[in-house]
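Trainee: Dumping the structure here so I can ask a few things about it.
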Amino acid sequence: MSGCWAIENYAYRSCPRPAREFDFAVSPHNHSEHSVENLASLNEVVKLGFMRPFRHILQSAFGLAKVAGLNYAEVSYRPPQTAEDVFLVESSSVAPLGFDGVHVGITDHDEIAGSVELQRERPQDAHRNPLGEELSLRFQDYLFHLGITGLPESGVQETHASLQAAARANRLDDLFEILRASGCLVVFNHPLVPWGKDRDRKIPAEELLRRYGWAIHALEYNGMRSREENDRVLQLAQSVHKPVVGGGDSHLLLASSVLSVSQAGSYADFAAEVKEGRAVPLITPMYFAPLGWKIFLRVLYFMAHYRQIGHFRGQPVRDLLVARAVLLDPIGYASRGFLGLTSALGLVR
């Protein structure tokens, strides 16, 4: 595929000039510096044959040579961009598509600070930038995420605290009652991600929807998941009669490769459209870059800046490596150069 594609009635169609058909672009799933990320993907990378000679070198480079059975999910970092940075990147990315700005949802991992910060810094755009977060919950011992946007400003900190407390205690009935009472838009983000080691286990997404679908308004076509997985999301959404929202889920200084398009002049009106069953994902050409390439770039970005942004079990990597030079330092220099080159060539996607 090339050019932009829209999804309507669970089917793809070419949409070469989206701004001629829709009035507004919407980017409902974004992460800022308030999201804690981890390098769990490195657990798979180090298993590759060509990485065998470098496994110990890589582990030593983080100052973790003595950690037996290192789980890279315990190596974490925060994205470098502020909520304002995200807003500017998303806004500039839709201009070539013909849109004058974009509705942007900052949905940090279990944290509303980014969305609050953006509304505080851009009060004139508050109607386009809802309060929200990406809420983690466990259902049948499986990790799921909900994109929550449009939380009411009054009492938002208390609502956030109540949601987090209910999720941590696995009081899911209470959690979904709080969500419904808040009036926010609830999107089932990347519902078919195969988390965990047991990749053969059936993901209980349909079971979650059967039990709590009354409080979930839509499923997500995710910009960081494969076409095959997203096609199965479309099938699932059709089977449970839910609309599908497009979300980018970008974690670096890159624009979302999947958006939503709408006739709504505010995020609240967009949310109302979705609740009525009207949602149109927009797939941009950037989405069709191989998923492995996208993950590789994310790992490479971490390697380029690991001293400044990395942590292991809460301890800064820069402290673990104080007054030490390690092999990852020149690799970091090379990574920065490679990222700069790929960016100049338009290959950072």
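Only the coordinates and a few stated rules stand behind these numbers; no lab work does. Predicted model, so just to flag it, every value in this text is computed and none were measured. Note that each Cβ is placed from the backbone with ideal geometry, even for glycine, and that neighbours are counted across all protein chains shown.
Trainee: For the chain, what is the per residue volume of the convex hull drawn over the alpha-carbon atoms, in cubic angstrom?
Mentor: 145 Å³
Trainee: Packing-wise, with mean Cβ within 10 Å as the measure, how do 22-35, 227-240 rank, highest first?
Mentor: In decreasing order of mean packing, 22-35, 227-240 become 22-35, 227-240.
Trainee: Give the peptides 45-55, 87-97, 305-315 in descending order of average Cβ contacts within 10 Å, highest first.
Mentor: Put in order of decreasing packing, that is 87-97, 305-315, 45-55.
Trainee: Now for a separate question. So how many Lys-Lys pairs in the chain land under 26 Å Cα to Cα, not counting same-chain pairs under 8 apart?
Mentor: 9
Trainee: Run the simple label-point estimate for E84 and E44 please: 7 Å along Cα→C-beta, distance reported in nm.
Mentor: Using points 7 Å along Cα→Cβ, the separation is 3.6 nm.
Trainee: Quick one: check the C-alpha center-to-center distance for region 273-341 versus region 118-155, whole angstrom.
Mentor: Here the answer is 23 Å between Cα centres.
Trainee: Which of A161, A264, A325 ends up with the largest GNM mean-square fluctuation for the chain, with Cα atoms connected below 10 Å?
Mentor: Top of the fluctuation ranking is A325.
Trainee: Calculate how many DSSP beta bridges within the chain are antiparallel, expressed in % of all such bridges and rounded to the nearest 5.
Mentor: That works out to approximately 75 percent antiparallel.
Trainee: Quick one: T159, T284, T342, fewest Cβ neighbours within 10 Å first, how do they rank?
Mentor: Fewest-to-most ranking of T159, T284, T342: T342, T159, T284.
Trainee: Using 10 Å bins from zero, what percent of all Cα-Cα pairs in region 1-107 falls into each bin?
Mentor: Bin by bin from 0 Å, the calculated values are 12, 27, 21, 23, 14, 2.
Trainee: So between Q263 and V67, what do we pick up on full extension, going 0.36 nm a residue minus the alpha carbon distance?
Mentor: Between Q263 and V67, full extension yields 65.2 nm more.
Trainee: Let me have the 222 nm mean residue ellipticity of the chain computed from DSSP H runs of 4+ only, each contributing -39500 (n - 2.57), with the sum over all residues rounded to the nearest 500.
Mentor: -11000 deg cm²/dmol
Trainee: Can you compute the label reach from Q124? Point 7 Å from Cα along the Cβ direction, backbone N cut-off under 14 Å, restricted to region 83-105.
Mentor: Inside the label zone: 101.
Trainee: Could you order peptides 287-294, 213-220, 99-106 by the average number of other Cβ atoms within 10 Å of their residues, highest first?
Mentor: Top of the packing list down: 99-106, 213-220, 287-294.
Trainee: Also, quick follow-up: Would you list C15, C184 from fewest to most Cβ contacts within 10 Å?
Mentor: C15, C184
Trainee: Which value results when the Cα radius of gyration for region 100-211 is divided by 2.2 N^0.38 Å?
Mentor: Taking the Cα Rg and dividing by 2.2 N^0.38 Å, one obtains 1.14.
Trainee: Mind checking the full-extension length gain between H241 and D100? Use 0.36 nm per residue of separation minus the Cα-Cα distance, one decimal, nm.
Mentor: That pair, H241 and D100, stretches by 47.6 nm at full extension.
Trainee: Mind putting together the pair-distance distribution for region 204-326? All Cα pairs, 5 Å bins, whole percent per bin, short to long.
Mentor: All Cα pairs, binned at 5 Å, distribute as 2, 9, 16, 15, 14, 12, 10, 9, 6, 3, 2, 0 percent.
Trainee: Tell me, in nm to one decimal, what length is gained between R168 and Q140 on full extension, where the rule is 0.36 nm per residue of separation less the Cα-Cα distance?
Mentor: 8.7 nm
Trainee: Using a simple spin-label model with points 7 Å from Cα along the Cα→Cβ vector, what separation in nm is obtained for A181 and D329?
Mentor: Once both label points are built, they end up 5.6 nm from each other.
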